[in-house]
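Asker: Below are the structure tokens for one structure; questions will follow.
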Amino acid sequence: MAIVVNLDVMLARRKMRSKELAERIGITEQNVSLLKSGKVKGFRFDTLERICAALDCQPGDILEFVPDPSETDTSETKPAPA
């Protein structure tokens, strides 16, 4: 997976439990758990907005792009033939 969800890290930094975040943003604890584990394929921008407001953070604090080495195309980094 190329996008990593660091919600658990932000919750720890803010000393907030999943239950409290769920209550503040209006989703179930189970959905917060799924977000934390990265088991979701996507979520709505309004949910991300509410998470950022509750945790006083930026989307980049929660979402991180990590390239998958097995999917990296090395042909783009090779110099063009002369």
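The values are calculated or read from the model by the stated rules, or taken from the named source; none is laboratory data. Computed from a prediction, not measured in an experiment: that's the story for all the values here. Cβ coordinates were reconstructed from backbone atoms using ideal geometry, including for glycine residues, and neighbour counts include every protein chain displayed. For the accessible areas, the whole protein counts, side chains as well, though only heavy atoms, and no ligand, DNA or RNA atoms are used. Shrake-Rupley method; radii C 1.70, N 1.55, O 1.52, S 1.80 Å.
Asker: Per DSSP helix of 4 or more residues, -39500 (n - 2.57); summed, then divided by the residues of the chain. What does that give at 222 nm, rounded to the nearest 500?
Answerer: The helix-only estimate for the chain comes to -12500 deg cm²/dmol at 222 nm.
Asker: Tally Lys and Arg at +1 and Asp and Glu at -1 over the other residues with C-beta under 9 Å from the C-beta of Ala2: what net charge comes out?
Answerer: Details: positive: none; negative: Asp68, Glu71.
Here the charged neighbours net out to -2.
Asker: Per 0.36 nm of contour for each residue apart, how much would the distance between Thr47 and Val9 grow if the chain were fully extended, relative to their Cα-Cα spacing?
Answerer: 11.9 nm
Asker: Something else about it: Any chance you could look up the accessible area of Leu34 with a 1.4 Å probe, heavy atoms only, rounded to 10 Å²?
Answerer: 60
Asker: Same structure, new question: Classify region 13-62 from the C-alpha gyration tensor, please: rounded if a/c falls under 1.5, else prolate or oblate depending on whether a/b exceeds b/c.
Answerer: Rounded, because the longest to shortest axis ratio a/c is under 1.5.
Asker: Return a whole-number percent for the relative contact order of region 1-58, with Cα pairs under 8 Å and 6 or more residues apart as the contact set.
Answerer: On the way: 31 pairs, mean separation 22.9, N = 58.
So the answer I get is 39 percent.
Asker: On to the next question. With angles folded into 0 to 90 degrees, how steeply does helix 45-55 sit against the dominant principal axis of the chain? Use alpha carbons for both and round to 10.
Answerer: It is inclined by approximately 60 degrees.
Asker: Okay, moving on. Which of Ser18, Ser70, Ser37 moves the most in a Gaussian network model of the chain with Cα springs under 10 Å?
Answerer: With Cα springs under 10 Å in the chain, the top fluctuation among Ser18, Ser70, Ser37 is at Ser70.
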